[in-house]
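The values are calculated or read from the model by the stated rules, or taken from the named source; none is laboratory data. What you see is a predicted model; the values in this text were computed from it and never measured. Note that we place each Cβ from the backbone using ideal geometry, even for glycine, and neighbour counts take in every protein chain shown.
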Amino acid sequence: MKNKKRIEKAIGYIPQGSTVADIGCDHCYVLIKGVLENKIKKGIGIEVVPGPYQQGKSNIKENKLEEHLDIRLGSGLKPLHINEAEICVIGGMGGQLIKYILEEDLEKAQAFTRLILQPMGSERELRKFLIKNGWKIIEEDILISDRLYLYIVAERGEQNMGNDFLYDIGPVLTKKKCEGKDKYILDKIEKLNKIKIELYKANDQETAQKGLLKIENKIKLWSNELENK
Ligand SMILES: C[S@@+](CC[C@H](N)C(=O)[O-])C[C@H]1O[C@@H](n2cnc3c(N)ncnc32)[C@H](O)[C@@H]1O
């Protein structure tokens with residue numbers, strides 16, 4: 001099975017016997033494996049692209065799981081009814097797209113008891129959106145596979161972030177000692193250093209200097225995180 005480690009990681013956050021919606025389900029492997037392991041009672045996969053939708057459908061048929069799993073062609077939460085699933089999984093998409101999917105159908109999104117998110121970038125924006133809209137981040141972790149994958153698990157509740165940098169590093173991840181955290185932070189610093197080089201080359205140095213100050217400050221905060229781990 002492709003992406004085995006990522007699929008297992010997502011399933012690990014699903015409470016036993018749940019009804020799960022997987023948005024952008026692609027092959028439907030999370031739902032299929034979840035049912036085969038008796039973790040998922042009922043699953044609904046949503047896929048916007050016809051090719052993966054057909055593939056997911058035939059994977060469900062091949063595993064004879066039509067009684068447990070339903071796959072729907074459509075975008076985001078649109079093909080779902082409110083309260084149709086307790087848990088929502090959205091993985092392998094940019095953080096901005098995940099945010100957009102939840103924001104577009106906020107009432108449906110807020111009715112889930114748990115969100116299991118695996119954003120590919122823009123985690124700061126995603127965390128900001130979650131906290132602002134009444135979610136509390138209960139778990140964060142990094143999975144090392146062909147690259148690093150970040151997981152954010154959120155439930156309804158209030159969260160006082162206190163410090164703005166927690167939107168970058170994550171309120172749970174900051175306190176965690178986990179494999180991959182150093183590399184995750186070093187990757188962030190490397191990206192910021194690349195932006196710094198671009199800013200040095202900019203024609204408008206007055207504006208560039210303001211950007212450089214912000215970048216330097218962020219590099220300092222990420223570096224502190226590396227030292228405090
Ligand atoms: C990179 S794949 C990730 C698949 C799987 N979730 C995983 O984590 O391995 C992203 C999938 O999301 C689908 N997708 C993107 N935008 C979507 C949307 N708005 N609604 C439903 N599916 C979407 C894509 O077609 C693609 O199959």
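Some values worked out for this structure:
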quantity	calculated
Filtered residues of the stretch 9-52 (kept if within 12 Å of the ligand (Cβ to nearest atom), more than 13 Å from Leu69 (Cβ to Cβ) and in contact with a strand residue (DSSP E or B) (Cβ under 9 Å, 6 or more places away or on another chain))	Lys9, Ala10, Ile11, Ile23, Gly24, Asp26, Val48, Val49, Pro50
Qualifying residue in the stretch 74-86 (condition: assigned by TED's automatic domain parsing to the domain that holds Ala109 and not in a loop (DSSP other than H, G, I, E, B))	no
Lone unmet requirement of (1) part of a helix (DSSP H, G or I); (2) within 13 Å of the ligand (Cβ to nearest atom) for Ile60	(2)
All positions within the stretch 97-123 that are surrounded by fewer than 20 Cβ atoms within 10 Å (Cβ to Cβ), at negative phi and away from the ligand (no atom under 11 Å from the Cβ)	Glu103, Leu106, Glu107, Gln110, Ala111, Thr113
Per-region count, the stretch 158-204, residues more than 18 Å from Glu227 (Cα to Cα) and in the same structural domain as Met120 (by TED's automatic domain parsing)	7
The stretch 61-96 - residue that is buried (at least 21 other Cβ atoms within 10 Å of the Cβ) and more than 20 Å from the chain's Cα centre (by Cα) and, of those, nearest to Lys9 (Cα to Cα)	Leu69
